[in-house]
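Notes follow the structure.
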Amino acid sequence: MLLCLAALTPSLMAQVSSYGDKQIGPVNSQPSVLKGVGIAQRLNEQLPLDLTFTDDSGKQVQLASYFGKKPAILALVYYQCPMLCSEELNGLTSALQMVDEIPGRDFNIIIVSIDPSEGTDLAAAKKASYLKRYGRPETADGWHFMTGTQPNIDALTKAVGFGYVKVPGPDGKLNQFAHASAIQIVTAQGKLAQYYMGVEYSPKDLRLGLVEASNNHIGSRVDNILTYCYHYDPQTNKHSLIIARVLQLGGAMTVILLGGFMWIMFRRDYRQAHDQLVSGTKVNG
């Protein structure tokens, strides 16, 4: 049993590190680069709807134009993100494929780049990619990929509670970002109603969040277990995705459950053998 339990943890870790160059980051310590990075859940906070961003067609649009009648899903990413932002949007798109509500008709999807150097071409390319992935081109009016100036990005991220910092890329230049992964559900009045952490989202929870936001209902705080993007290690010149605490907890729970199951089975076999021995002794006596 001990050998089985000892072999379990490495197998769990291998399942995660097998995705490209993703690796498990430090478990008990947070890299200094991630100080100031995180999500402060500011439920019921009013978004600054007077902010203006450039949409994927090159038009200047106020955030207010996407609110008033229906809720929205808000995601803060950057379009040239090497890995995690794409996974976040992939997870969102996959969840939306199993939700009855339709973008544009029932809610809006607002994706805002945190990188002020990114422009309309990148935003338009990302929209085309995810619209194709979603498989319903008629919903294009419900998908909005935005870019903006640094002051407007700062105002929006501050309202959302989205902390991020610049980090060096493989060329040593500060052209990448360390940030946590989450999407936000926003009411029709532009108030933050719910946060969903990570890169995979439950279609059931997503639908419930949209329905509640449609009724201006503010959700409750969720456990602040964060997935970070990226940790740049200049010694290895690689990026590693930090999901340490989630995996640690999952591995520990698996070990406990497996150990408990094996203990129950061994105890049952022992009792059966003991009862048989007692019965045999009585018969022979």
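The values are calculated or read from the model by the stated rules, or taken from the named source; none is laboratory data. Note that the structure is predicted; figures quoted are calculated from it, not measured. A quick note on method: Cβ atoms are made from the backbone with ideal geometry, for glycine too, and the neighbour counts reach across all protein chains shown. For accessibility, only protein heavy atoms count, side chains too; no ligands or nucleic acids. Shrake-Rupley method; radii C 1.70, N 1.55, O 1.52, S 1.80 Å.
Which whole number in µm²/s is D for the stretch 104-209 by Stokes-Einstein, with the Kirkwood Rh taken over Cα pairs at 4 °C and 1.567 mPa s?
Numbers: Rh = 15.6 Å.
Result for D is 83 µm²/s.
Over the stretch 23-149, the pair-distance histogram of Cα-Cα distances with 10 Å bins from zero comes to 11, 40, 35, 12, 2 percent, rounded to whole numbers.
Go through I264, I111 and list them by solvent-accessible area, largest first, probe radius 1.4 Å. The partial results should precede the final answer.
On the way: I264 100, I111 0 Å².
Order by accessible area, largest first: I264, I111.
Between A188 and N216, the built amide H atoms are under 5 Å apart, and every one of these is 5 or more places off in sequence or on another chain.
Remark: relative contact order (the stretch 79-209) = 30 percent; criterion is Cα-Cα distance under 8 angstrom and separation of 6 or more residues. Of all aspartates and glutamates in the structure, the ones whose alpha carbon falls short of 20 Å from that of K126, not counting any fewer than 8 places away in one chain, are D55, D56, E87, E88, D115, E118, E138, D141, E200. Semi-axis lengths, largest first, of the ellipsoid equivalent to the stretch 176-222 are 20, 13, 8 Å, with √(5λ) applied to each eigenvalue of the Cα gyration tensor. Could you tell me the calculated FRET efficiency between Q150 and I256, based on Cβ-Cβ distance and R0 = 35 angstrom, to the nearest 0.05? Computed FRET efficiency for Q150 and I256 comes out at 0.15. Which of the pairs K35/K70; K59/K204; K127/K204 have their Cα atoms more than 28 Å apart in this structure? Beyond 28 Å: K35/K70; K59/K204. Evaluate E = 1/(1 + (r/R0)^6) for S94 and K35, where r is the Cβ-Cβ distance and R0 equals 35 Å; express this FRET efficiency to the nearest 0.05. Between S94 and K35 the formula returns 0.65. Normalised per residue, the accessible area of the stretch 48-179 is 41 Å², obtained with a 1.4 Å probe and no contribution from ligands, DNA or RNA.
How much length would be gained if the chain were fully extended between N44 and Q62, taking 0.36 nm per residue of separation minus their Cα-Cα distance, in nm to one decimal? Could the numbers behind the result be given before it?
Numbers: separation 18, 0.36 × 18 = 6.48 nm, distance 2.02 nm.
So the chain would gain 4.5 nm between N44 and Q62.
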